[in-house]
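In what follows, a structure is listed as structure tokens, so that the remarks can point back to it.
Here, each number is a calculation from the coordinates, and none is a lab measurement. Treat the numbers as computed from the prediction; the structure is a model and nothing was measured. We place every Cβ from the backbone using ideal geometry, glycine too, and count neighbours over all the protein chains shown.
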Amino acid sequence: MTRTTPPRPLDVAAELPELAGLARTATRLHPRRGAPTVHDSSVGGPLLWPASEPWPMYEPVHGAYGPLTTLADIHSLRRISAQARSRPRAPGEGGPTERETEVIDRIRAGYAVELLPEGPLPLIPLVQLYARDVPGLPCPEGTDVLQVLWSPFDEIEGCSGAVQLRWRRSSDVREILAEPPEPAYVDQSDHVPTPCVLHPEQVREFPPVHLLTDEQAKRVEVWAEERSVDYQGALSVAPGWKLGGWPAHFTYRYPARSDELQCGECGGPVEALLTVDSSEWDGSSRSWRPVEDVDGHPYATCTPTVVTVGRGCTLQIYACVGSPSHLPRSIMQ
Ligand SMILES: [Zn+2]
């Protein structure tokens, strides 16, 4: 099923002609729970990975907070919780069974940090995007798929091996890696996506307020107040997981300075590539909720991936403009 963003409440380009030239096209990914294969575009799905190519690894510099958990435990816990929620129940009954409660308690107790082996750990798949599915994918010449992997530890910000990109040509992958390595333990279960298939949709965006000039921002503020409309929430940047477009709003810290927005490998400019969001919409961005999701279970549709960044903000992944294979820069916004 496709996903369709409702029309914006006002036409920014018509009402504020000075912003018309600043419109950008973003591709909302609209992840929804499913069972993607290596041949599908996905969040948290298996990757089309050549058997002969080393899997990306990263050693958490600051170790782990703990308690640790495992990928298998995380998926078991989510499966049990979903089963318990979906079971019909009479008033005053319900919730997990005694047996399920035992398993949940064991998983929640986790494992001691001391069990973490020394050395680098395999990254886990975050996103796989095929050009045929995702309009606007900025494929370097000769490639047609983007893969992003990251670390299930608390070090995804900055420019390190904790977040890695791979651009490849899918037809080059003859022998597919059948059993990718997995980290023995996970520190941040919030970084483990529940597998989702994608329903990409292109939308038009206008700059977040921090990227307007002071004069533009002032005029937008006055205009938005006159028209009783929320520029940030409803008219500028789409919420949720997306490709390209304008970078996410800064909600919990000051906007990044230009010297922060540089490639960590070559010092060159970076551009917004992928936005990883903690929800597909929230109270202030509710107008972006796809028309198909109006009758869905609110939890199942606005947090399909179950990924949470920080305390519910956004990880904006910026890629090097000159050399797309350089390590990306990630900023919590
Ligand atoms: Zn670079």
* So how many residues does the stretch 87-102 have that are surrounded by 11 or more Cβ atoms within 10 Å (Cβ to Cβ) and part of a helix (DSSP H, G or I)? -> 3
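Among the aliphatic types (A, V, I, L, M), more than 19 Å from the chain's Cα centre (by Cα) and within 16 Å of the ligand (Cβ to nearest atom): is that true of VAL321 in this structure? If you could, list the steps in order and put the result at the bottom.
Values: among the aliphatic types (A, V, I, L, M): yes; more than 19 Å from the chain's Cα centre (by Cα): yes; within 16 Å of the ligand (Cβ to nearest atom): yes.
Here the answer is yes, as VAL321 does meet what is asked.
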* Structure fact -> Of (1) loosely packed, with under 15 Cβ neighbours inside 10 Å; (2) touching a residue at least 60 places away in the same chain (Cβ under 8 Å); (3) of a type in the set (Val, Ile, Thr), VAL38 satisfies every one except (1)
* Count - residues of the stretch 41-86 that are over 30 Å from PRO135 (Cα atoms) and either assigned to a loop (DSSP other than H, G, I, E, B) or basic (Lys, Arg) (or both) -> 13
* Provide a single number: the residues in the stretch 46-74 that are over 16 Å from GLN164 (Cα atoms) and surrounded by 18 or more Cβ atoms within 10 Å (Cβ to Cβ). => 6
* Which numbered condition VAL276 fails, given (1) away from the ligand (no atom under 16 Å from the Cβ); (2) assigned to a strand (DSSP E or B); (3) touching a Pro at 6+ places or on another chain (Cβ under 6 Å) -> (3)
* To do: Might you check whether a residue that is part of a loop (DSSP other than H, G, I, E, B), within 15 Å of the ligand (Cβ to nearest atom), surrounded by fewer than 18 Cβ atoms within 10 Å (Cβ to Cβ) and polar (S, T, N, Q) occurs anywhere in the stretch 279-291?
  => no
* Go through LEU211, LEU165, LEU137 for me and flag whichever is within 22 Å of GLY240 (Cβ to Cβ), surrounded by 14 or more Cβ atoms within 10 Å (Cβ to Cβ) and over 20 Å from the mean Cα position of the chain (by Cα). => LEU211
* Asked: Mind checking which residues of the stretch 303-318 are more than 16 Å from the ligand (Cβ to nearest atom) and either crowded, with 24+ Cβ neighbours inside 10 Å or part of a strand (DSSP E or B) (or both)?
  -> PRO304, THR305, VAL307, VAL309, CYS313, THR314, LEU315, GLN316
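Just a yes or no: is a residue in the stretch 292-300 in contact (Cβ under 8 Å) with a residue 40 or more places away in the chain and either more than 30 Å from LEU71 (Cβ to Cβ) or in a strand (DSSP E or B) (or both)? First the steps, then the outcome.
Within the stretch 292-300, the subset in contact (Cβ under 8 Å) with a residue 40 or more places away in the chain is 292-293, 300.
Cutting the leftovers down to either more than 30 Å from LEU71 (Cβ to Cβ) or in a strand (DSSP E or B) (or both) gives us 292.
Within the stretch 292-300, one or more residues are in contact (Cβ under 8 Å) with a residue 40 or more places away in the chain and either more than 30 Å from LEU71 (Cβ to Cβ) or in a strand (DSSP E or B) (or both).
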* Has the stretch 224-232 got at least one residue that is of a type in the set (Val, Ile, Thr), more than 19 Å from ALA26 (Cβ to Cβ) and surrounded by fewer than 15 Cβ atoms within 10 Å (Cβ to Cβ)? -> no
* Look at the stretch 247-272 and say how many of its residues are surrounded by fewer than 16 Cβ atoms within 10 Å (Cβ to Cβ) and within 16 Å of the ligand (Cβ to nearest atom). => 10
* Asked: Which residues, taken from the stretch 192-211, are touching a residue at least 60 places away in the same chain (Cβ under 8 Å) and part of a loop (DSSP other than H, G, I, E, B)?
  -> VAL192, PRO193, THR194, PRO195, LEU198, HIS199, PRO200, PHE206, PRO207
